[in-house]
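First the structure, in the form of structure tokens, and then the observations on it.
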Amino acid sequence: MHFSDLKLIAPLQQALQETGYIQPTPIQRQAIPILLEGHDLLGIAQTGTGKTAAFSLPMLQYLDQKRTQRTPKAPRALILTPTRELAIQIHKSLLEYGKHLKQKYAVIFGGVGQGNQVRDLSQGVDVLVATPGRLLDLIEQRHLRLDKVEIFVLDEADRMLDMGFMRDIRKILPLLPQKRHNLFFSATMPHEIQKLAHSILVNPKKVEVTPPSTTVERIKQSLMFVEKKDKLDLLTHLLQNNLLYKVLIFVEMKHVANKVAEKLEKNKISAAAIHGNKSQGARQKAIEDFSKDKVRVLVATDIASRGIDIDGITHVINFELPNVPETYVHRIGRTARAGTEGEAISFCCAEEKFYLMAIEKETRQKVPVNRDHPYHSEDVVKAAVFSPHKAKEKARADFKRQSRGRRPGGRKGGPRRPRH
Ligand code: AMP
């Protein structure tokens, strides 16, 4: 199937051609006809499936054909999304897909001054991309109204829930006109999200694409057992191989992100780090440098990486395993996007074997072990699996055993009791 089979207007077809898309992805194939007919849509799909174009193209077509007048401060379409990064990406996609149309697009998000955003809104926009907090702020200050919204898109609903935006969403919904076209996207459908979808959508058509396991199948996964202290050396060793061309590295803690990036830079491997303590500007720059291949490695925490849309990532490395198994699936899905292949390498030290077990249970597959590297540790392979709680108890017991029989209080008498 080609885009030309999808009854999209010429300016959109042309933009798609210029963007280099040849075939619609499965979600685009299924959702675009439904949306062009004006149905509400429940889309179960992750980022990486092409869902932005799936909702943007019919939206742009509708707005172009309807030609309602733009009103200052009152957008005709609203796309609500959980993170700034995702908001910026969607706005960029709109500019790209809509470049031959005369509509205006704006994006608003928190963490930056509101001056430019207020100015954009006052000039009138057709489509507004927004994160919930800043949206409500600007509504309260009367810089924005939602009473002219004809199309409402709620994107990444499950992440909205994770990030604590449910209350904001419940405040936003009554501000929209009763009669409107609704699109609702979520990667997963926990109970609370089903309830929310039900309260927003009217007779929706449902489209479900690529459940995580299918994405996971396209990714070559491997596991490396390594002592915690050797992880940085192992990473540097792996990056000597130029086949690891565009590499996204995940860590659990912000300070580890910095440490990893610094070590790589010291070894002349260009790297940038993003995490919650970095300014919005610094994060944006790092993401852009990585997208444009100015840096080879991006080190990220999960929160900071949410919704980043970067093509061509050849490898995802889990420098530390996530303690939520679904996060593993989200992380490795950053490679192998839009039909390409990718590789995911995970480091696992003794303390992380518990998380490994949970991940293997969730994905219902064993991650193949790669022993073919200089830092392979049989001790880690043989190490017992402890839950994080048990691991703490074990550390305490080991400590007591070590200190037994030593001189009380004497500094030479053994390790000091850790202070908390
Ligand atoms: P999304 O799920 O919307 O974040 O899209 C994932 C990535 O796939 C983005 O980088 C898009 O530019 C790309 N993409 C979307 N649709 C297509 C398509 N039909 N052909 C090729 N790439 C696409």
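Per residue, region 100-177 exposes 42 Å² of accessible surface when a 1.4 Å probe is rolled over the protein heavy atoms with every protein chain present. Using a 10 angstrom Cβ neighbour count of at most 12 plus a DSSP loop assignment to flag exposed GluC sites (Glu not before Pro), which longest range of the chain is free of such sites? Result for the longest clean stretch: 38-340.
Among beta bridges from DSSP that stay inside the chain, the antiparallel ones total about 5%.
Once you keep just the Cα pairs under 8 angstrom separated by 6 or more residues, what percentage relative contact order results for region 213-399? If you can, show how the numbers build up before the last one.
Details: 312 pairs, mean separation 59.7, N = 187.
Relative contact order here is 32 percent.
Against the main long axis of the alpha-carbon atoms of the chain, helix 10-19 sits at an angle near 20°. Note down the net charge around Asp64, summing +1 for each Lys or Arg and -1 for each Asp or Glu among other residues with Cβ under 10 Å from its Cβ. Around Asp64, the surrounding residues sum to +2. Against the chain, whose longest principal axis is taken from its Cα atoms, helix 84-97 shows a tilt of about 40°.
Computed over neighbours whose Cβ is under 13 Å from that of Lys148, the net charge equals +4, Lys and Arg +1, Asp and Glu -1.
Seen from Glu192, the other residues with C-beta closer than 11 Å to its C-beta sum to a net charge of -1, counting Lys and Arg as +1 and Asp and Glu as -1.
Taking the C-alpha atoms only, the angle from helix 280-291 to the longest principal axis of the chain is near 90 degrees.
Applying a DSSP loop filter and a limit of 16 other Cβ atoms within 10 Å to the trypsin sites (Lys or Arg not before Pro) in region 339-377 leaves Arg364, Lys366, Arg371. Rounded to the nearest 20, the Cβ-based charge dipole of region 3-210 about its Cα centre (Lys and Arg +1, Asp and Glu -1) stands at 640 debye.
Looking at region 82-131, the trypsin sites (Lys or Arg not before Pro) that sit in a DSSP loop and have at most 14 other Cβ atoms within 10 Å of their own Cβ are Lys99, Lys102.
Would you rank Met163, Met224, Met253 by solvent-accessible area, highest first, keeping every protein chain in place and using a 1.4 Å probe? Each step should come with its number before you reach the end.
On the way: Met163 60, Met224 5, Met253 95 Å².
Per-residue accessible area, sorted high to low, gives Met253, Met163, Met224.
Shown here for region 236-340: chymotrypsin sites (Phe, Trp or Tyr not before Pro) in loop regions (DSSP other than H, G, I, E, B) with at most 14 other Cβ atoms within 10 Å, namely Tyr245. Of all lysines in the structure, the ones whose alpha carbon falls short of 27 Å from that of Lys366, not counting any fewer than 8 places away in one chain, are Lys220, Lys228, Lys229, Lys231, Lys246, Lys353, Lys382, Lys390, Lys392, Lys394. Using a probe of 1.4 Å on the protein chains alone, the accessible area found for His91 is around 40 Å². Per-atom-type breakdown for the chain gives carbon and sulfur 50% of the accessible area (1.4 Å probe, protein chains only).
Would you give the gap between the C-alpha center of region 88-166 and the C-alpha center of region 14-64, rounded to a whole Å? After rounding, the separation between the Cα centres reads 19 Å.
Under a 10 Å cutoff between Cα atoms, tell me which one of Ile44, Ile317, Ile139 has the largest fluctuation in the Gaussian network model of the chain. In the Gaussian network model the winner is Ile139.
So what is the calculated 222 nm ellipticity per residue for the chain, using -39500 (n - 2.57) for each DSSP H run with n of 4 or more, over all residues, to the nearest 500 deg cm²/dmol? Before the final figure, lay out each step's value.
Working: 18 runs with 175 residues, N = 420.
Rounded to the nearest 500, it is -12000 deg cm²/dmol.
Residue ranking by accessible heavy-atom surface, 1.4 Å probe, largest first, among His315, His100 comes out as His100, His315.
The values are calculated or read from the model by the stated rules, or taken from the named source; none is laboratory data. Remember, predicted model here, so these are calculated numbers, not experimental data. Ideal geometry is used to build each Cβ from the backbone, glycine not excepted, and the neighbour counts take in all protein chains shown. With ligands, DNA and RNA removed, areas are computed over all heavy atoms of the protein, side chains included. Shrake-Rupley method; radii C 1.70, N 1.55, O 1.52, S 1.80 Å.
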